[in-house]
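The values are calculated or read from the model by the stated rules, or taken from the named source; none is laboratory data. Every value quoted in this text rests on a predicted model; they were computed, and no experiment measured them. Here Cβ is always computed from backbone atoms with ideal geometry, including for glycine, and neighbour counts include all displayed protein chains. Please note that ligands, DNA and RNA were not included when accessible areas were found on the heavy atoms of the full protein model with its side chains. Shrake-Rupley method; radii C 1.70, N 1.55, O 1.52, S 1.80 Å.
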Amino acid sequence: YGTGTRARIPGVAVAGKTGTANDSKDIWFVGTTPDIVTAVWAGNDKHRAVRGTRVTGGVVMARIWHDFM
C-alpha cells in the first residue's frame, strides 16, 4: 500500500520511498529488495517541470524502478 505500489514485484520483499519536488521538477524513487538498493531519478537542468500528466515519483519512477529490477 502507499504511493509506491507500482514497484511491487510478486514474491519479492520490496520497500521504497517516492519523491516529487515542487511542480514535478524532480521525481524519484528509491527502492530496496533483500539483495539490492536502487534509485531512479528524472528531471532536467533547466529547472522546469517534467512534462506529462500524473508525473510523480510514485506513478512514473516507481514503475521504471519495477521494470529495471
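Odds and ends about this structure:
- About its Cα centre, segment 16-69 has a charge dipole of approximately 260 debye under the convention of +1 per Lys or Arg Cβ and -1 per Asp or Glu Cβ, with nothing else charged.
- Percentage of interatomic Cα-Cα distances in the chain larger than 21 Å: 22 percent
- Inter-probe distance in nm under a simple model that places probes 7 Å from Cα toward Cβ, at A13 and H47: 4.2 nm
- Whole-number accessible area per residue in Å² for the chain, which is evaluated in the context of all protein chains at 1.4 Å: 69 Å²
- Top of V14, V55, V37 by mean-square fluctuation, Gaussian network on the chain, Cα under 10 Å: V37
- Shown for the chain: the carbon plus sulfur share of the solvent-accessible area, taken with all protein chains present and a 1.4 angstrom probe, equals 54%.
- The calculated 222 nm mean residue ellipticity attributable to helices in the chain amounts to -2500 deg cm²/dmol, summing -39500 (n - 2.57) over DSSP H runs of n ≥ 4 and dividing by all residues.
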